[in-house]
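Accompanying notes for the structure given below.
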Amino acid sequence: MVYEVAVVENFTAEFKAADSVYDVAVNEEREKARSLEWSPDRINVDIARLRPSYTVDIQIWYNYLPPERRVFVDAADIEGAKTQGVMIGKMGISNAQLRRSPSLLTDLNAYHRFPIDPVKGSPTFGKPVALAGARSVLHAAPANALSPDALSPDALKKGPADQATAATKTPSSAGSQAIVIAMQSLVDFQQKNDALEAQLRLKKAMDDFCSALSDATSKSHGYWIFQNATPISIRYSNFTGKYGVEGGQLAIVRTDGGVDVTKLAGWQEMQRARTAKADYIPWDKSRYEVVLHFFSDPRDSKGDSKRLLTKALRLDQIFDLDQAKAGKRNAMSASFADLLRFSRARLAAHYHAPFTLNNVTDQQKPFYIVVRGEQVSENFYLPAEWMPVAEKPAMRSTKDSDLGGELSRLYDYGDGSRELSQAEFQSIFGPG
């Protein structure tokens with residue numbers, strides 16, 4: 001904020017943070033602020049006088065978890081993700097009137113991320129670290145960053161595809177591959193008509209792409225394995241005053257090489273809106289951890305849930321590839337069904353509680369594949385219809401020793417999210 005006309009009296013600002021606050025500073029000189037206080041989620045800054053051309057630089061160090069890393073995600077988390085978990089609650093002065101000016105925010109780079117390990121902390125705390133997608137107040141926007149006009153209706157219609165940074169690597173022409181694809185639309189528009197037009201164009205682009213991908217994988221003797229689609233919809237934000245176009249798809253397909261997703265119909269349209277990314281993974285290296293979060297009752301009334309992580313599993317250990325070849329997507333393998341039943345049975349026997357994967361109070365269930373690739377970094381949520389399998393009694397065809405060997409670690413949310421020791425872990429899932 002820069003004031004060039006009059007002296008501003010009694011400036012006050014209130015900020016709300018989604019998570020814990022580490023520190024707050026005003027122009028690196030705390031004495032300039034009459035009060036600088038904060039509760040766990042609220043920061044108040046009061047400055048007695050702002051003279052002409054004086055710039056206020058308020059810095060807040062806080063912990064932030066994006067929705068994809070939260071166990072229980074609600075509407076407030078999705079809204080907070082647009083501002084990295086910090087919102088301006090109010091601003092005021094005593095001798096004039098403040099008015100919001102959207103033009104002041106068009107080139108604002110407000111955030112810089114620091115990696116903080118939730119268990120070990122971080123040796124880089126307090127030092128700028130270049131992370132993918134980080135928004136820094138210390139450096140200018142990169143040369144290949146999208147301009148504010150890049151997501152305009154005209155740009156979505158006819159803008160060059162190279163407006164967006166390339167989000168794939170050149171595919172190999174030989175050998176079996178898994179292609180992991182994320183198409184997520186998070187575009188904002190001032191006018192509802194523009195949002196409606198973008199919604200129609202992006203929906204068509206995604207439909208065209210999925211159809212083209214099916215043809216291309218079939219020609220390369222491949223097939224779809226996984227698909228999680230969220231309809232393209234429009235949502236108005238009272239905070240930003242804009243219409244958001246949201247939705248997309250997550251997909252995993254297998255090919256025998258030669259499929260370049262950037263050449264398929266619909267891809268360039270999605271690239272202009274920065275909604276499409278893909279990774280090509282050699283088939284024998286396509287392994288992923290899976291999060292299995294069990295609750296002692298469907299409403300988690302005791303807050304004592306258990307988060308169980310698998311080791312990196314092959315895709316055929318999770319999905320039934322024979323059914324996938326026959327055209328059935330999202331088919332669970334028999335061995336993964338055994339793993340769900342085994343895990344629940346062992347937890348129930350140890351903690352004496354009837355565990356379930358289905359927390360009815362949570363819309364997005366913490367039941368997903370952890371995908372952390374060069375381009376695609378998402379939680380691939382597994383079908384909700386898989387969850388009841390854990391509770392259905394059935395003979396397991398996979399040995400218990402093999403199933404126990406597929407599990408990695410367990411976190412007890414009834415004990416401060418503590419990770420169980422290896423001895424404790426083995427007492428639950430080891431031979432016995």
With respect to residue 259, determine if the residue is of a type in the set (A, V, I, L, M, F, W, C), under 25 Å from residue 331 (Cβ atoms) and in contact with a helix residue (DSSP H, G or I) (Cβ under 9 Å, 6 or more places away or on another chain). yes
Just need a number here: residues in the range 1-23 that are in contact with a strand residue (DSSP E or B) (Cβ under 8 Å, 6 or more places away or on another chain) and at pLDDT below 75. 10
Could we say that residue 307 is closer than 26 Å to residue 370 by Cβ, assigned by TED's automatic domain parsing to the domain that holds residue 404 and touching a residue at least 60 places away in the same chain (Cβ under 8 Å) here? yes
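What strands (runs of 3 or more DSSP E) completely inside the range 192-298 contain at least 1 residues that are buried (at least 19 other Cβ atoms within 10 Å of the Cβ) and charged (D, E, K, R)?
In the range 192-298, 242-255, 276-282 are the strands (runs of 3 or more DSSP E) which contain 1 or more residues that are buried (at least 19 other Cβ atoms within 10 Å of the Cβ) and charged (D, E, K, R).
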Condition first: hydroxyl-bearing (Ser, Thr, Tyr) and at pLDDT below 85. Now tell me which residues in the range 170-196 satisfy that. 170, 172, 173, 185
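Listed here are the residues, each with its yes/no results for (1) touching a helix residue (DSSP H, G or I) at 6+ places or on another chain (Cβ under 6 Å); (2) more than 20 Å from residue 313 (Cα to Cα); (3) free of Cβ contacts under 8 Å to residues at least 60 places away in the same chain.
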{"residue": "339", "(1), (2), (3)": "yes, no, no"}
{"residue": "350", "(1), (2), (3)": "yes, yes, no"}
{"residue": "357", "(1), (2), (3)": "yes, no, no"}
{"residue": "374", "(1), (2), (3)": "no, no, no"}
{"residue": "393", "(1), (2), (3)": "no, yes, yes"}
{"residue": "411", "(1), (2), (3)": "no, no, no"}
{"residue": "426", "(1), (2), (3)": "no, no, yes"}
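The values are calculated or read from the model by the stated rules, or taken from the named source; none is laboratory data. Keep in mind it's a predicted model, so treat the numbers as computed, not measured. Virtual Cβ from ideal backbone geometry, glycine too; neighbours counted across all protein chains shown.
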